[in-house]
Structures are given as C-alpha cells and as structure tokens.
Amino acid sequence: MKTLMITFLLALCSTGIYAQKNNFQLSSHILDVSKGIPASGVKIKLEKYTKQSNIWTFIDEKDTDKNGRVTDFLASNTSNKGIYRLTYYTSEYFKKNNTESFYPFIEVVFEIKDSSHYHVPITLSAYGYSTYRGN
C-alpha cells in the first residue's frame with residue numbers, strides 16, 4: 001500500500017510539472033558567423049499579416065538570450081496558421097560591438113501552415129545574412 005501511495009504521488013507531481021510547461025510553436029536564433037558566436041541581446045519583433053486589410057499586426061517583441069535564442073514565440077495551444085514577419089534589429093548589436101554594418105534590420109517573412117514547430121534562424125555578419133527553416 002505504501003509503495004502504491006508513493007507511486008501515485010510521484011505520478012501526480014510529474015503531471016503537475018508537465019502541465020505547467022509552456023509549449024511554443026515558433027523559435028528563432030541568431031549566429032554571428034563573423035565571430036562564430038551567438039548574437040545575444042538582439043531585439044526581434046513578430047508580426048502577423050492580415051490578407052483582407054493588407055496590414056501587419058504586432059504580436060510580440062523579445063531580445064535574444066545569451067545563446068542568441070528566442071524560444072517562446074506563439075503559444076502552441078491555439079491555431080497560429082498565417083503569414084508572419086520576424087524583424088531582427090541588428091544595428092544596435094553591431095554598434096555595441098564597435099562594428100560597422102550594412103543592414104540596420106533584417107525582415108524574414110514566412111508562412112505557418114500547420115501545428116508543427118517552426119524554427120527560423122539567421123546567420124549574420126556585418127555585410128550579409130542567411131536564413132532557413134530549422135528544426
């Protein structure tokens with residue numbers, strides 16, 4: 001009986017911990033390929049496009065963490081299908097690093113078509129960038 005009670009309590013605690021974990025559908029990260037390190041402290045803005053009105057609507061804005069990542073855009077518990085734009089504000093990052101750069105910001109437009117996870121990273125240097133759909 002004691003073993004059964006302990007097992008039940010552990011299962012209950014595990015369920016509570018799992019239920020509190022938030023899942024997100026969209027993430028991004030920035031790698032500064034000129035230095036071979038993550039670009040931390042870069043502001044990224046997320047917007048959604050409305051076809052009927054041709055208007056971009058602000059959704060969220062976050063700064064990359066010490067690993068150059070933002071992992072928590074768009075909660076997974078709702079439908080997020082649509083066209084989105086991520087704007088990476090790179091100018092301040094380069095100024096902070098005393099580096100002259102060509103792109104003050106970078107816009108990446110993409111479409112979410114289903115409920116799977118979308119990862120939109122960029123590789124960055126002062127005079128170039130690249131993006132792809134990651135995992």
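Every number in this text was worked out from the coordinates using simple rules, so none of it is lab data. Remember, it's a predicted structure, so these values are computed and weren't measured experimentally. Counting neighbours? That spans all protein chains shown, and the Cβs are built from the backbone with ideal geometry, glycine included.
Between ILE83 and ILE37, what is the label-point separation in nm under the 7 Å Cα-to-beta-carbon projection?
3.8 nm
If you keep only loop residues by DSSP, which GluC sites (Glu not before Pro) in the stretch 37-135 have at most 10 other Cβ atoms within 10 Å of their Cβ?
GLU100
Normalised by the number of residues in the stretch 55-135, what is the relative contact order in percent for Cα pairs under 8 Å and 6+ residues apart?
The normalised contact order for the stretch 55-135 reaches 24 percent.
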